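Comments concern the structure below.
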Amino acid sequence: MKILFSTGEVHPFSKTGGLADVSAALPKAISKLGHDIKVITPLYSSCNKWLSDMKHLGGVDIQLGNFTQRADFYLLNYEGTDHVFVRNDHYFNRGTYYGHHDDAERYVFFNKAVLEFVKFHKFIPDIIHINDWQSGLIPYFLDESYRKIKEYKNIKTLLSIHNLEYQGSFDQSVDRLFNTKFNYTYIHFDRVNFLKTAIMRANAINTVSPNYRNEILTRFFGFTLDGALKSREDKLFGILNGIDYEVNDPETDKYLERNYNHRHFIMGKRANKKLVLEKLGLDGLLEAPLVSFIGRLARQKGIDLMKATLEEVIASSNATFVLIGTGDPEYEDYFRYLSNKYSKKVAAYIGFNDEIAHQVYAGSDIFMMPSLFEPCGLGQLIAMRYGTIPVVRETGGLKDTVEPFNKFTGEGVGFSFANYNAHEFKDALERAIELHNNNLVAWRVLIQRAMRQDHSLHRMAEEYLNLYDKILKGA
Ligand code: ADP
C-alpha cells in the first residue's frame, strides 16, 4: 500500500505534543511491515540541523488567491522512513511552531503543497493520512481542486484526531487563499475551522482510543465538534496508540540502575526504587509503596483530585510520593508545597527529564493518572511496561487499557474509579496501597500481567493498515 502521511510535527524534527510521537512511531512501524509510506511535514527552523543530510528534490509555486509562494521539497530517509520536508523560509523558518498572525495562511500553503507533491514527485498514494488541524484542508482541496486530475482521482483520506481541543479556527477572510468556491461545511461559529472541514470531508476519521471515540460524540468531550462528529459517526473509528517497546523496555533501558523483565522483576524494581529514593532524598523504606505521577501539569491530568486528597493519604499510609511535571504554575506550586511540607515523604521534580522519568517508572510501585479526560494516554502504558501499577480514572484510553483489579478472581492490571471525584480517587489509591502492603503474592501477579500487556507499535500499525484497507474498499 502507498501512503502519504501529512503531519504538522514529527519527532525528532519538531514537537509540541503527542502528535509528534505518533507521527514518528506509526510510519516507522508501517514501513517495517513492508508498505510504502512517506511522511510530509513543514521544514521549521528546528529541522535546520538535518538540512545538510537532505536531498533537494526541487520545488513548485503554490497559488494562494492572487499570489504565489514557493514550496521546495526536501527528502530525508530517517531510520528507514522517507520524510519529505516542505520548505518555505518565510512561513516556517521561525522559532515557534504556532501562534503566529498568519497561521491560517501558513497551513493553507502547507496543505496545498502536500497535494502538489503528489504530482510533482509522481508519488500517487492510495491514502493521504492527515493528522489534526494542521493538515485539515487537504480532503477539501482534494475534492474541489484536484479530483479532475487523473493522479488524484482515486486517492482516499483518513483524518486522525490526536487532540480535539486545537481546531485551527480562523477568520473567514482566509477563504481568499483557497482558489475554490466557498462552502458552508467548513464554517463553525462563523469561522473557518480546519478540523471541522477535515471531519466533514475525510473518507474516514479516527481518534486514539475506542472509548474516547465514543466520548467525543458527547457535549463535554466534543469541544463543540460533537455535532460534526455525530454526523460522521458511521465513519468514526478508535485505534489505541502504542508505545515504542525499544525505547520503553526495562530489559535494555540504559537509564536504569538494574534491568529486569516480566519474569524477573523483584530485584530489578527494588534496585531502581533504592536509586530513586536516594537521588530524591526520600526516607521511604524499600518495603513501603512508592507512588508516582509523571505528566503535563494541566487541568486535564486530574491534579485537582490529588490536591484534595494526597495530604490525607500521606498522613494515613506508609506510602512515599514522587511527583514529576511541568506546566500550570498553580500545580507546580502545589507540588513544591507538598515536598517542602513533607520533605522525607514527598519529592517533587518540576521540569521535563527523560532520565528521571524512566527511573521513576521503573522504581515506583503505583502510578497515578486520575485524568479529567484522556484521548489515549501514554503514561499508564509506560508504567505497566515497567511493572508499575496504574491508578486511573475510567475515561478515554485509560478505560480501554487499564482493566481494574478484581479481588475475587485476581484479574486486571490496575485500579480505577469512575467519577471525577476526590473521594473515589482516594479510595482507588488506598485500595492499591492496601493490596501492595498486605498481599504480595496478588501484587506480583498484577505486576506480571501489567508487564505482559501488548501495546506495541506493531499492533497499532496493523490496526491502521486494516482501517486503510476498509477505506479503500469503500467502507
Ligand atoms: P499528553 O500527551 O497528554 O501529555 P501522555 O500520557 O499521552 O500525555 O504522554 C505524555 C508523555 O510525556 C509520557 O511519555 C510521559 O512519560 C512524558 N512526560 C510527561 N511529563 C514529563 C516530564 N516532566 N518529564 C519526563 N517525561 C514526561
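The values are calculated or read from the model by the stated rules, or taken from the named source; none is laboratory data. Model, not experiment: these values are computed from the prediction. Don't worry about glycine lacking a Cβ; one is built from the backbone with ideal geometry, like all the others, and counts go over all protein chains shown.
Identify all residues within region 2-23 that are within 21 Å of ASN466 (Cβ to Cβ), of a type outside the set (Ser, Thr, Tyr) and out of contact with any helix residue (DSSP H, G or I) (no Cβ under 6 Å at 6 or more places or on another chain); write none if there are none. If the condition is that a residue be within 21 Å of ASN466 (Cβ to Cβ), of a type outside the set (Ser, Thr, Tyr) and out of contact with any helix residue (DSSP H, G or I) (no Cβ under 6 Å at 6 or more places or on another chain), then LYS2, ILE3, LEU4, VAL22 are the ones that fit. Selection over region 329-341 of residues that are farther than 19 Å from SER371 by Cβ and within 15 Å of the ligand (Cβ to nearest atom) gives a count of 3. Summed over region 402-421, residues that are at pLDDT below 95 and over 16 Å from HIS436 (Cβ atoms) total 4.
Matching residues to (1) outside the structural domain of ASN214 (by TED's automatic domain parsing); (2) crowded, with 22+ Cβ neighbours inside 10 Å; (3) more than 8 Å from the ligand (Cβ to nearest atom):
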residue: SER343; (1), (2), (3): yes, no, yes
residue: ASP354; (1), (2), (3): yes, no, no
residue: ALA362; (1), (2), (3): yes, yes, yes
residue: PRO370; (1), (2), (3): yes, yes, yes
residue: PRO375; (1), (2), (3): yes, yes, no
residue: GLY379; (1), (2), (3): yes, yes, no
residue: ALA383; (1), (2), (3): yes, yes, yes
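Restrict the check to region 347-359 and report whether at least one residue is within 30 Å of LEU26 (Cα to Cα), modelled with pLDDT of 95 or more, in contact with a helix residue (DSSP H, G or I) (Cβ under 8 Å, 6 or more places away or on another chain) and small (Gly, Ala, Ser). No, region 347-359 contains no residue that is within 30 Å of LEU26 (Cα to Cα), modelled with pLDDT of 95 or more, in contact with a helix residue (DSSP H, G or I) (Cβ under 8 Å, 6 or more places away or on another chain) and small (Gly, Ala, Ser). Out of all the residues in region 27-37, is one or more crowded, with 19+ Cβ neighbours inside 10 Å, touching a Ser or Thr at 6+ places or on another chain (Cβ under 6 Å) and of a type in the set (Ser, Thr, Tyr)? The answer is yes; a qualifying residue exists. Go over the candidates HIS11, HIS83 one by one and state the one that is assigned to a loop (DSSP other than H, G, I, E, B) and not small (Gly, Ala, Ser). Unique residue meeting the criteria: HIS11. For ILE382, the stated conditions hold: it is modelled with pLDDT of 95 or more and closer than 22 Å to ASN248 by Cα.
Across region 385-394, the number of residues qualifying as surrounded by 24 or more Cβ atoms within 10 Å (Cβ to Cβ) and within 12 Å of the ligand (Cβ to nearest atom) comes to 4.
Can you pull out every residue in region 243-296 that is closer than 18 Å to ARG449 by Cβ, of a type in the set (A, V, I, L, M, F, W, C) and within 30 Å of the chain's Cα centre (by Cα)? Within region 243-296, ILE243, PHE265 qualify. For LEU76, state whether it is buried (at least 21 other Cβ atoms within 10 Å of the Cβ), under 25 Å from HIS56 (Cα atoms) and free of Cβ contacts under 8 Å to residues at least 40 places away in the same chain. So LEU76 fails the test.
Among the criteria (1) within 16 Å of the ligand (Cβ to nearest atom); (2) under 14 Å from PHE293 (Cβ atoms); (3) of a type in the set (Gly, Ala, Ser), the one GLY414 does not fulfil is (2).
Checked against the criterion of being touching a Lys or Arg at 6+ places or on another chain (Cβ under 6 Å), among the charged types (D, E, K, R) and modelled with pLDDT under 95, the candidates ASP244, ASP283 yield just one match: ASP283. Of all residues in region 224-239, those satisfying the criterion of being of a type in the set (A, V, I, L, M) and out of contact with any Asp or Glu (no Cβ under 6 Å at 6 or more places or on another chain) are LEU225, ALA228, LEU229, LEU236.
Take ILE366 and decide whether it is farther than 14 Å from VAL445 by Cβ, within 10 Å of the ligand (Cβ to nearest atom) and among the β-branched types (Val, Ile, Thr). No; evaluated as a whole, the condition is false for this residue. Within region 163-204, being of a type in the set (Gly, Ala, Ser) and closer than 24 Å to GLU9 by Cα holds for GLY168, SER169, ALA198, ALA202, ALA204.
Do we find that SER23 is within 16 Å of the ligand (Cβ to nearest atom), among the small types (Gly, Ala, Ser) and surrounded by 23 or more Cβ atoms within 10 Å (Cβ to Cβ) in this structure? When the stated conditions are applied, SER23 passes them.
Of all residues in region 181-217, those satisfying the criterion of being in a helix (DSSP H, G or I) and farther than 22 Å from LEU472 by Cβ are TYR184, THR185, TYR186, PHE194, LEU195, LYS196, THR197, ASN211, TYR212, ASN214, GLU215. Looking across THR218, THR224, one residue alone is more than 23 Å from GLN380 (Cβ to Cβ), over 15 Å from the mean Cα position of the chain (by Cα) and among the hydroxyl-bearing types (Ser, Thr, Tyr). It is THR224. Here TYR91, TYR140, TYR98 are screened, and the one residue that is under 24 Å from ASP171 (Cα atoms), touching a residue at least 60 places away in the same chain (Cβ under 8 Å), crowded, with 18+ Cβ neighbours inside 10 Å and not aliphatic (A, V, I, L, M) is TYR140.
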